[in-house]
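Everything below concerns the one structure shown next.
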Amino acid sequence: MLNHLLDIKSLDAGYIEKIVHLVQSFKDGALVADLSHKAVCLLFCENSTRTKLSFEMAAKNLGMKVLNFECSTSSFSKGESLATTVDNLAAMGVNALVMRDRTNGIQAELASKNPKLCVINAGDGNHSHPTQALLDYYTMLEKMGTVEGKKITIVGDIAHSRVARSNIELLSKFGADIHICAPSYFSIEDERVTTHSNLVTAIENADVVMCLRIQRERLENDFSLPVEDYIKGYQVTSKKLKEYAKENVLLMHPGPVNPGYEMSEELFNSPKAKTILEQVTNGVYVRMAILYLLLGKGEE
Ligand code: CP
């Protein structure tokens, strides 16, 4: 049993399958849980729409008390540290902290200092975004039954992406054939994946194409992106999917999508893109399962 959810690396395949089973039970309505005696604080020092609000939705679906911490109006401006802030939240009776921050590993550091508080990583820098990978995996299972042997291609700004890293971590536990595609300035080295700089070979016969946006907020100040070349070489379009990928290829994106960049506007507005909102729906059930598993623990 885990007290915290910090990354995918710490989860074994059996635990992930347990999460998938819980997600299915919540989605089917077969499991109803009452965590009204628990309180969760959402502390997002980086912007978010999907992760923050779906955690709020998930917590409210479980009857939990939800506190929204606003970084801009908090006592951070009076010099209070993050560590002291978290001590204060725990002292108020907060049971779980869902946290996003630009610093890699900050949630793990806080978790080690606050063993009684359940810390859930909602994204740290370019390191990890475990609930996103879990909802992506669940969506793939829902559509394909398994990821084993499936060609799953992640295209875009891999280097700055915690989503790519968490997906690689998770999908490699289940035998997926993982490919990444990016220009050298957005690529990474990882022995578990096949690396491409050419979009055609990357998406050829792909079962899944996952697009990633350019993480402009993480680019070095002096980096000048060759936008037109990037779009020409790496933008995913309906035509390219039709020509090279499998006929029923699953198009995914963690959001937010920047249509006209990583994905053409026409593809974004096509029926193929409907899975992107299905990912969002599944995100609520995944986050219910995580809160239930970490806080409910045999009380139900
Ligand atoms: N996928 C994702 O993390 O989206 P948000 O940044 O809107 O939470």
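What the table below lists for this structure:
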read-out: When residues of the range 244-292 are limited to those that are farther than 19 Å from Thr146 by Cα and of a type in the set (Lys, Arg), the one farthest from the ligand (Cβ to nearest atom); value: Lys272
read-out: Residues of the range 215-239 that turn out to be of a type in the set (A, V, I, L, M) and loosely packed, with under 13 Cβ neighbours inside 10 Å, as a count; value: 1
read-out: Single unsatisfied condition, Asp87 versus (1) within 19 Å of the chain's Cα centre (by Cα); (2) surrounded by fewer than 22 Cβ atoms within 10 Å (Cβ to Cβ); value: (1)
read-out: Residue pairs meeting the criteria (Cβ under 8 Å; at least 6 apart or on separate chains; first closer than 25 Å to Leu35 by Cβ, in the range 77-106; second within 16 Å of the ligand (Cβ to nearest atom) and part of a helix (DSSP H, G or I)); value: Val98/Lys52; Val98/Phe55; Met99/Gln107; Arg100/Thr51; Arg100/Lys52; Asp101/Gln107
read-out: The listed residue being under 22 Å from Val286 (Cβ atoms) and either in a strand (DSSP E or B) or more than 16 Å from the ligand (Cβ to nearest atom) (or both), out of Ile154, Ile180; value: Ile154
read-out: The range 202-214: number of residues that are over 14 Å from Pro183 (Cβ atoms) and outside any loop (DSSP other than H, G, I, E, B); value: 5
read-out: The listed residue being within 17 Å of the chain's Cα centre (by Cα), under 30 Å from Asn198 (Cβ atoms), within 13 Å of the ligand (Cβ to nearest atom) and modelled with pLDDT of 95 or more, out of Ala159, Ala133; value: Ala133
read-out: Selection status of Asp101, more than 30 Å from Thr281 (Cβ to Cβ) and either within 13 Å of the chain's Cα centre (by Cα) or surrounded by 13 or more Cβ atoms within 10 Å (Cβ to Cβ) (or both); value: no
read-out: Selection within the range 215-273 - without any contact (Cβ under 8 Å) to a residue 40 or more places away in the chain and part of a strand (DSSP E or B); value: Pro259
read-out: Lone unmet requirement of (1) free of Cβ contacts under 8 Å to residues at least 40 places away in the same chain; (2) within 13 Å of the ligand (Cβ to nearest atom) for Arg192; value: (2)
read-out: Number of positions in the range 35-70 that are away from the ligand (no atom under 15 Å from the Cβ) and free of Cβ contacts under 8 Å to residues at least 40 places away in the same chain; value: 9
read-out: Qualifying residue in the range 8-28 (condition: crowded, with 17+ Cβ neighbours inside 10 Å and within 16 Å of the ligand (Cβ to nearest atom)); value: yes
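The values are calculated or read from the model by the stated rules, or taken from the named source; none is laboratory data. Please read all numbers here as calculations on a predicted model, not as lab measurements. Here Cβ is always computed from backbone atoms with ideal geometry, including for glycine, and neighbour counts include all displayed protein chains.
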